[in-house]
Structures are given as C-alpha cells and as structure tokens.
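Worksheet: the structure to be examined is printed underneath.
What follows is calculated from the coordinates using simple rules that are stated; it is not laboratory data. Fair warning: this is a prediction, and the values are worked out from it, not measured in the lab. Cβ atoms come from the backbone with ideal geometry, glycine included; neighbour counts cover every protein chain shown.
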Amino acid sequence: MMKPFIRNHQYNMIKKQTDLLQRACNTVSDPKVVEAVRYSATTKIIEAFPDAVELQKQILEKISTLKTAEEFQHYLHSMEPYLEPFEQVTETQMKKLFPKNKKLKVPDLATIDNRYVTYLGWTDIATNKLFMVYHLNGKLVGVEGKYTPMNKKSNCFLCNRHEEVALFSAISKWKPANASPDYYRAIGNYLCVNSDTCNNNITDVTTLEKFIYDIVGQSRLES
C-alpha cells in the first residue's frame with residue numbers, strides 16, 4: 001500500500017481542476033477547447049507534486065482520461081486513501097503554543113477529520129481572538145491575533161475565495177536588527193470566518209507560510 005502523499009490543499013486543488021474539466025466536458029462543444037482544459041488541468045496537478053514518484057504520477061494523471069460524471073467522481077474518491085492527514089496534536093501541545101492564554105479553550109480534536117485540515121483555526125468569542133496552529137519546517141507553530149467579524153463577504157487572504165470574512169490582526173514577534181525597544185508591527189488580513197470553510201477552499205500554502213514567517217520570525221522556525 002502506497003503511503004499518503006496528498007496534503008489537504010493539494011487535494012482541494014485537484015478537486016478544483018477536476019471540476020473545471022468536468023464542466024468543460026459537459027458544456028463545451030469544441031473538442032479542441034476541452035482538450036486544452038484537460039491538458040491544463042493535468043499539467044497543474046502534476047506540477048503541484050514535484051517530488052512525486054512514477055506510481056504517484058500515474059494515479060494523478062488519470063484525470064487525462066476522464067469523460068463521464070461517474071469517472072470524475074471515482075477519480076476523486078480514489079484519491080482519499082492517499083490523503084496525508086494533518087499531523088495529530090494534543091490539547092497539551094496546543095496550550096503550550098499559547099502560554100499567555102491561561103484559560104485557553106481548544107477545539108474538540110476528536111471530532112476533526114485531519115485528512116481535510118491544512119491548519120487548525122478556532123476563535124475565542126470572550127476575548128475576540130483567533131488562534132491558528134500549523135506545522136512548518138517540522139515544527140508546530142501557533143499564531144494568535146485579534147478577530148473582528150466584518151459581517152460581509154470578501155476575498156480571504158489564505159484561500160483566495162469570496163467568503164464571509166473577519167479582520168485577523170496579529171502582532172509580529174520579529175524585530176529588525178536596529179529596531180527601537182518599543183517597535184511594534186501588526187499585520188492584518190481578511191480571513192474566512194469559518195476555518196472549516198477555509199480549509200475546504202485553500203489550494204496553496206505559500207501565503208499562509210509567509211504570514212507565519214512574518215509573525216513568528218524565520219530565525220525562530222529555523223533554530
């Protein structure tokens with residue numbers, strides 16, 4: 001049995017490309033256009049797995065032969081055994097990431113399907129804070145910030161989808177070498193109100209990882 005190799009954001013990307021191709025097959029009459037969409041979808045999926053071995057590529061490349069609704073559904077279903085789950089964390093580990101929050105309430109980890117998680121995110125309504133946990137460079141990293149619901153839809157900075165958002169503002173722990181003692185930098189972005197929605201949408205972790213580097217500081221992650 002092959003080991004899991006598809007992370008959640010990659011699976012979301014596969015679903016997105018599969019949906020685009022299926023819609024083209026259903027609505028476009030020009031076969032050349034359909035084949036162009038098919039080529040684009042296949043290429044983008046393969047490029048998302050630069051370290052894939054030949055057998056993994058063969059599994060991914062099956063999208064190039066799909067035509068019927070049943071085939072598309074089976075293709076996505078066939079990926080599920082290869083989903084690489086978010087590495088299990090404990091309540092104790094999570095609380096250690098946020099030592100200043102003595103009464104931190106964490107989500108019920110037993111109810112979370114880690115196969116569909118890119119980052120763990122939850123809110124504390126009492127303090128208007130959002131907490132985020134992510135594995136980066138082999139380390140478990142926590143980020144917290146002020147959470148202000150905007151009661152409107154806008155583009156989430158992580159998943160780049162038009163969803164109900166909140167303003168998430170976190171204070172950077174990184175300081176320039178010549179910074180004054182009272183140096184202060186807050187980084188604010190629109191983020192999905194619902195972290196489950198964001199995890200279901202996100203197709204790339206580049207922005208997420210840059211954000212964490214900006215908040216935590218690269219030296220802390222590499223030490």
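Could you name the aspartates and glutamates in cross-link range of residue 129, using Cα to Cα under 12 Å and dropping any fewer than eight places away on the same chain?
The reachable aspartates and glutamates, counting only those whose Cα sits under 12 Å from residue 129, are 144.
If you place +1 on the Cβ of every Lys and Arg and -1 on the Cβ of every Asp and Glu, how big does the dipole about the Cα centre of the stretch 42-142 come out, in debye to the nearest 20?
800
Could you tell me the relative contact order of the chain? Use alpha-carbon pairs under 8 Å, at least six residues apart, and round to a whole percent.
Numbers: 309 pairs, mean separation 42.2, N = 223.
Reported relative contact order: 19 percent.
Could you work out how far apart the two model spin labels at residue 126 and residue 90 are, taking each label as a point 7 Å from the Cα in the direction of the beta carbon, and quote it in nm?
Here the modelled spin labels are 2.4 nm apart.
Run the reach check for residue 62 against lysines, Cα to Cα strictly under 25 Å, same-chain hits fewer than 8 apart removed. What comes back?
Here the lysines satisfying the reach criterion relative to residue 62 are 3, 15, 16, 32, 44.
Please report the relative contact order for the stretch 65-118, taking Cα pairs under 8 Å with a sequence separation of at least 6, and give it as a percent rounded to a whole number. Numbers along the way, then the final one.
Working: 22 pairs, mean separation 22.3, N = 54.
The normalised contact order for the stretch 65-118 reaches 41 percent.
Determine the dipole magnitude for the chain: charges of +1 sit on the beta-carbon of Lys and Arg, -1 on that of Asp and Glu, nothing else is charged, the reference point is the Cα centre, and the result goes in debye to the nearest 20. Let's see the in-between values first.
Details: 29 positive and 25 negative charges, 161 e Å.
Dipole of the chain, to the nearest 20 debye: 780 debye.
For Cα Rg over 2.2 N^0.38 Å, one of (i) 1.03; (ii) 1.16; (iii) 1.53 was computed from the structure I shared and the rest are decoys. Which label?
It is the one labelled (ii).
Quick one: 3J(HN,Hα) in Hz for the stretch 100-107, Karplus 6.51/-1.76/1.60 with θ = phi - 60°, rounded, Gly and Pro as x.
For the stretch 100-107, the Karplus curve yields 7, 9, 5, 10, 4, 9, 9, x Hz.
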